Structures are given as C-alpha cells and as structure tokens.
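Down below is the structure, laid out as structure tokens.
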Amino acid sequence: MTVDSFINYVVIVGVVQGFLFNLITLFFGKKYGPVVLYLNLVVLFISLNNLQSWLPAMGYGSDHFFIKSMVVPWYLLIFPSFYNVFRHYLGVLPRTRNYMPFVLGLFLVEIVIRAMVVLMNSSLDSEALAVRVESYTVVEETVNICICIFIYLKAAQLVFIRRDWYPKVLTFDSIGWIKAFIILGLSIMLLWIFGLFLRATTGYNISVYHPLRLASTFLLYWIGYQGLYRYNIVQDRILIRKSLQEDSKRLPLRHTESNDRLYEKHLGEFNRVREDLVQNRRYLDPDLTLEKLAKEQLVSSGHLSRIINLYGNKSFNDFINELRVEQAKSFLSDSEYSPYTIVSIGLECGFNSKSTFYSAFKKFTSQTPSQYREAQAQG
C-alpha cells in the first residue's frame, strides 16, 4: 500500500465515521441542544471537506470544466461552528459574538464568485482555465484563513483568558478537553498555513494537504468521543445537582447514646460533624480534606481524625466516601435517574474520577455501580 492510498483509506474511514456520528447523535441521541448541534456541524463540515478532496484523488471527479472547478469551501464553516461549541457550552453568549451569519454569507458569496470566474473564463483552453481558477483559489483561501485565524484567536482567548466569565461551568468541568480542542485546532491551523504556502509557491498538488487531511481526520475521531461524552456528563451533573438542591436526596442522620460524659462529649462532636456534612452536603465537595474540614469545625485535624475513627469506625477518607456512595446508591436505585450516566452520578456525588468512584462503591457494596443499578432495576 502506497502512502497516498493509505492516507485516502484513513480519510474515507474518517468521513464515514463523521457521517455516522451525525446520524446517531441527531436522530438517536437523548440530549440535544446548541452544543450538540454545533459539534455536529464541525464534524459535518470536516467530513464534507475531506470527502470533496478524496473523490478526485480516487478518480471519482467529473471531467466537466464547471463541476471540476466548483470546489466548495466547506472548511470556512468549521471554525465559526468550533467557536460556537465553546460559546454555548461555557454559557457566554451575551459576552461574545456569533460569527456564523457573517461567515455563512461569505461562504455563499464565494460560491457565486467562483461560478462567475469559471463561466467568464470558460472560453479559455483547459490549461489556461485551470491556471485562472487556481489563482482565484489561492486568493480565496488566503482570505478565508485570515478570517479563521481571527475566530480561532477569539476561541483561545475565551478558553485561556476569560475564565472569570464562566465560573459556574468550572465547578462541573475543568475544561481540559476544551483546551485540548484548542491545541488540536492550532495544529490544524498551522498545517493549513503550511499547505497554502506550498500551494502558492510550488503549485497545487494534493500531497501538500496530506498532513492537514490526516490531522482533520484525527479530529473527527476525537470529537466523536470527547465532545459528546463530556457534554453528556456535564448535562447530567447539572440536572443531578439541581435535584440535590431541592432536598429530595438528603441522607438520614444517625445518633447514638451514652452515659459516659467524655464519651458523650466526643460523640456530640462527631454527630455535629456528621450533621454538618450531611445537611450541608459537604461530602459532595471533591476537594474536601481532613485539614479543610477540621479548620471549618475549629478543631485540630488530629482530633477530628480520632473522633471519626472512634465513632465512625472508619478513616476520614472511608467515612466521606461512604456518604458519597450512599448518595450515589439513592440515585442508582431511582428509576427517574436511569437515563443519567453512572460516571456523571459519581462525579456529582463528590468523587473526582471514575476509577475512585468505582473502587469506593465496590468497597462498600461489594458491587460495581453498574451491577448495583441492574440489581435494583430487576428487584
């Protein structure tokens, strides 16, 4: 297999995967909103752009001069869609501008201009016409790349500089995947600039865009997992947190009795700590530590650790994780929450990763969260 045939194979597999992503998320997805819409548009425009370059490379293009010259600039629509994913996900619509209407208008104008260029030079021989169309294409692509760089910089500014605009989102998501999205976008932008430079200086050859096509194909695969997966988790967590704020899932308080004065004193401290943890849902804080809680309770961390070990019969971490597991069990056993992902439930119950949630849940229930949910559904 040659390099060209390998790249063409990778590209068409990515195109098919992109179209399947669109079909599945738009027609079978449970959660649909602007973020999903623009994610799908990013995938769609990358897929169409790659398909448009793959067809002539495989010999499927038309020999008719007009059809052959009418290359649609799908790539122009990728970056404003890319930017709108962030605008909607981060909830910063009032503070930012939607560039899609302008770019869409330019997209249509460029198609008309290209058609006019081809028709006005249709009397030329095929070689002269190809030169004229290629000259126009370089100008068109140069204008478009400048616009896309501007939009890309706006997106990067939003993610890396304007974090104070979306503090609420940062309580649900560290947005690491969005930063990775920006970095991937930068690599594609640089490969695009490099390809355009080679095209303008050495003449068009499909190989000058091979790195760009591979990078954009990788982006298709990556979006298919990260974009939709992260979005679904955050949407689940928002709804779960709303439910928690409505006091419908409060854990019961448990008190014990004793006649020993010192025992009762320390037991009272333990019950007050537990009551604070449960009533104020402090255990839902993934950053809660022994030192942080001790400072809030105005006691030493050593003293707090001792009374939790003595009256809770567990270490501090196990004591907190058991409360989190109990909260998770209440969600997993409730059919109302069956559409929510197990990972989103674990994260919203205070665990900072899927692995710590599964490990703690199995420790206290001898089952995985999936097994527990299935058992509750059958019982």
Quiz item: Relative to the longest principal axis of the chain, what angle (0 to 90°, nearest 10) does the C-alpha long axis of helix 228-245 take?
Solution: 30 degrees
Practice problem: Under 1.5 on a/c is rounded, so check that first for segment 15-56, then, if it is not, pick prolate when a/b is larger than b/c and oblate when it is not; a ≥ b ≥ c are the square roots of the alpha carbon gyration tensor eigenvalues. | Solution: oblate
Practice problem: Grab the Cα-Cα distance for residue 132 and residue 174, subtract it from 0.36 nm times how many residues apart they are, and report the gain in nm with one decimal. | Solution: 10.2 nm
Exercise. Calculate how steeply helix 354-365 sits against the longest principal axis of the alpha-carbon atoms of the chain, using the helix alpha-carbon long axis, and give the answer as 0 to 90 degrees to the nearest 10.
Key: 30 degrees
Quiz item: Could you state the number of Å between the C-alpha centres of segment 336-373 and segment 57-128?
Solution: 46 Å
Exercise. Just tell me the longest site-free run in the chain, where the sites are GluC sites (Glu not before Pro) in a DSSP loop having at most 12 other beta-carbon atoms within 10 Å.
Key: 1-245
Exercise. Compute the distance in nm between two label points, each set 7 Å from the Cα along the Cα-to-Cβ direction, one at residue 295 and one at residue 310.
Key: 2.5 nm
Exercise. Only Cα pairs under 8 Å and at least 6 apart count here; give the relative contact order of segment 277-379 as a rounded whole percent.
Key: 25 percent
Quiz item: Does segment 336-379 come out rounded, prolate or oblate by the C-alpha gyration tensor, with a ≥ b ≥ c the root eigenvalues, rounded set by a/c under 1.5 and, if not, prolate when a/b is larger than b/c and oblate if not?
Solution: oblate
Exercise. With r as the distance between the Cβ atoms of residue 333 and residue 63 and R0 = 56 Å, compute the FRET efficiency 1/(1 + (r/R0)^6) and round to 0.05.
Key: 0.30
Exercise. Evaluate E = 1/(1 + (r/R0)^6) for residue 279 and residue 368, where r is the Cβ-Cβ distance and R0 equals 30 Å; express this FRET efficiency to the nearest 0.05.
Key: 0.55
Practice problem: Taking DSSP loops as anything outside H, G, I, E and B, show the longest stretch in the chain free of chymotrypsin sites (Phe, Trp or Tyr not before Pro) there with at most 16 other beta carbons within 10 Å. | Solution: 205-379
Exercise. Please work out the C-alpha center-to-center distance from segment 263-330 to segment 173-210 and express it in whole Å.
Key: 51 Å
Practice problem: Express in nm, to one decimal, how much length is gained between residue 153 and residue 202 on full extension, taking 0.36 nm for each residue of separation and deducting their alpha carbon distance. | Solution: 14.8 nm
Exercise. Can you find, among 203, 192, 161, the residue farthest towards the positive end of the dipole of segment 140-233? Put +1 on the C-beta of Lys and Arg, -1 on that of Asp and Glu.
Key: 161
Quiz item: How many nm separate the modelled label positions at residue 97 and residue 164, each set 7 Å beyond the Cα in the direction of the Cβ?
Solution: 2.2 nm
Quiz item: Relative to the longest principal Cα axis of the chain, at what angle does helix 210-222 sit, 0 to 90 degrees, rounded to 10?
Solution: 30 degrees
Exercise. Starting from the Cα-Cα distance between residue 28 and residue 375, subtract it from 0.36 nm times their residue separation and give me the gain in nm to one decimal.
Key: 122.3 nm
Quiz item: Between rounded, prolate and oblate, where does segment 12-141 land on the alpha carbon gyration tensor, with a ≥ b ≥ c its root eigenvalues, rounded for a/c under 1.5, else prolate if a/b exceeds b/c?
Solution: oblate
Quiz prompt | Rough spin-label spacing in nm, given labels placed 7 Å along Cα→Cβ, for residue 287 and residue 19 | solution = 4.7 nm
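Throughout, read-outs are computed from the coordinates displayed, never taken from laboratory work. Note that this is a predicted model, so its numbers are computed, not measured. Every residue, glycine as well, gets a Cβ built from its backbone with ideal geometry; the counts of neighbours run over all protein chains shown.
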